[in-house]
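Chemist: Following this message is one structure expressed as structure tokens.
The values are calculated or read from the model by the stated rules, or taken from the named source; none is laboratory data. The structure displayed is predicted, hence computed values, not measured ones. Using ideal geometry, Cβ is built from the backbone for each residue, glycine included, and neighbour counts are taken over all protein chains shown. Just so you know, the surface numbers come from the protein's heavy atoms only, side chains and all, with ligands and any DNA or RNA stripped out. Shrake-Rupley method; radii C 1.70, N 1.55, O 1.52, S 1.80 Å.
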Amino acid sequence: MWCAYVFAFIALISLPSALRSGNSIIIVGWIAQTFLQLVLLPIIIVGQNVQAAASDARAESDHETLLSIHTLTAEVHKLQEQQTKILEILAEKAKT
């Protein structure tokens, strides 16, 4: 973010001469080419880094949640298989 401040200061150095020219093309050119490009680019990059960090945190959280769900599902499946075996044994005993 400090880079944006430095670039804004550098861009503002040339502002008085752009305004003194009185030419609207030079003033618009200063705004578009000098100020916006120098200042907004670092701000955009910082914003993208913040979004990437948040996205990574969400992905890690989702991964942990999915692993927990998988573990629970595997345990439930194992219990269900054991119950099926017990029911089969009981059914065989009931026949005899």
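Chemist: Once R0 is set to 25 Å, what does the formula 1/(1 + (r/R0)^6) return for the Cβ-Cβ distance between L19 and I45, expressed as a FRET efficiency to the nearest 0.05?
Modeler: FRET efficiency, L19 to I45: 0.30.
Chemist: Can you give me the solvent accessible area of I25 with a 1.4 Å probe, rounded to the nearest 10 Å²?
Modeler: Number for this one is 130 Å².
Chemist: Relative to the longest principal axis of the chain, what angle (0 to 90°, nearest 10) does the C-alpha long axis of helix 2-13 take?
Modeler: Value to nearest ten degrees: 20.
Chemist: Another question about this same structure. Spelling out what I want: for every residue of segment 42-57, take phi, set θ = phi - 60°, compute 6.51 cos²θ - 1.76 cosθ + 1.60 (Karplus), and round to whole Hz; glycine and proline get x.
Modeler: Computed from phi, the couplings for segment 42-57 are x, 5, 5, 5, 4, x, 5, 5, 5, 5, 5, 5, 5, 5, 5, 5 Hz.
Chemist: At 7 Å along Cα-to-Cβ for each site, give me the label-to-label distance between L12 and K78 in nm.
Modeler: It is 6.5 nm.
Chemist: Hey, how many Å between the Cα centroid of segment 57-96 and the Cα centroid of segment 4-42?
Modeler: Using only Cα atoms, the two centres lie 66 Å from each other.
Chemist: Separate question: Of the accessible area of the chain, with the probe set at 1.4 angstrom, what percent is carbon plus sulfur?
Modeler: Ligands and nucleic acids excluded, carbon and sulfur reach 68 percent.
Chemist: Using a 1.4 Å probe, what is the accessible area per residue for the chain, in Å²?
Modeler: 83 Å²
Chemist: Continuing with the same structure: Please list I89, I43 from largest to smallest accessible area, probe radius 1.4 Å, with all protein chains kept in place.
Modeler: Reading off the accessible areas and sorting them downward yields I89, I43.
Chemist: Once Cα extents along the principal axes in Å is worked out from the coordinates, which option in (1) 107, 23, 9; (2) 39, 28, 22; (3) 38, 33, 16 does it equal?
Modeler: So the calculated entry is the one marked (1).
Chemist: Which whole-number percent gives the relative contact order of segment 1-66, counting Cα pairs below 8 Å spaced six or more residues apart?
Modeler: Value for segment 1-66: 44 percent.
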